[in-house]
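Heads up: the structure comes next, in structure tokens.
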Amino acid sequence: EKTKREAEEAKDQTDKEAFEISITTKSETDKNRKTKNIKQILYKGEVKLLIMPPVDSKNLKELEDGLRNTKGLKLLLIGGTSDGGIQIVVSALKPIPILNALKETPQVKDAVGKDDAIYISLN
């Protein structure tokens, strides 16, 4: 029984594991062309996206469309929350930087990864 529980916990950890990588980029504005590190968290498996109220329906629809069209990402569930927000569950088929991609999306004002979810405020 203990072994079975440990195996399930290991599977859950693997499914929701986030990998942290560093990418080195050249800064065009820096005269010395120094490199800087940008940390990205790669998500794999099921990820909850929690849209905080107020929710603008136009921005939400555009975000949903963008998620549907993201290569390697599958939209599993969209539903309401008790506080008037929206919960979207996606599945990342391979490790992808969902949080960074969301922050670059025009509909998203802010996105923060915490625990096993990403909290999003829409414009």
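The values are calculated or read from the model by the stated rules, or taken from the named source; none is laboratory data. Bear in mind the structure is a predicted one, so any value in this text is a computation, not a measurement. Here the Cβ positions follow ideal geometry from the backbone for every residue, glycine too, while neighbour counts run over all protein chains shown.
Things worth noting here:
- If only residues of the range 49-77 that are hydrophobic (A, V, I, L, M, F, W, C) and farther than 18 Å from D116 by Cβ are counted, the one that is nearest to the chain's Cα centre (by Cα) is L63.
- For the range 94-123, taking the residues that are touching a residue at least 60 places away in the same chain (Cβ under 8 Å) and not polar (S, T, N, Q), the one that is nearest to G72 (Cα to Cα) is identified as P95.
- Considering only residues in the range 78-102 that are among the hydroxyl-bearing types (S, T, Y) and touching a strand residue (DSSP E or B) at 6+ places or on another chain (Cβ under 6 Å), the one that is modelled with the highest pLDDT turns out to be S91.
- Residue within the range 75-85 that is touching a residue at least 40 places away in the same chain (Cβ under 8 Å), surrounded by 13 or more Cβ atoms within 10 Å (Cβ to Cβ) and not in a loop (DSSP other than H, G, I, E, B) present: no
Table: residues versus (1) touching a strand residue (DSSP E or B) at 6+ places or on another chain (Cβ under 8 Å); (2) modelled with pLDDT under 95.
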{"position": "G72", "(1), (2)": "yes, yes"}
{"position": "P106", "(1), (2)": "no, yes"}
{"position": "D115", "(1), (2)": "no, yes"}
{"position": "Y119", "(1), (2)": "yes, no"}
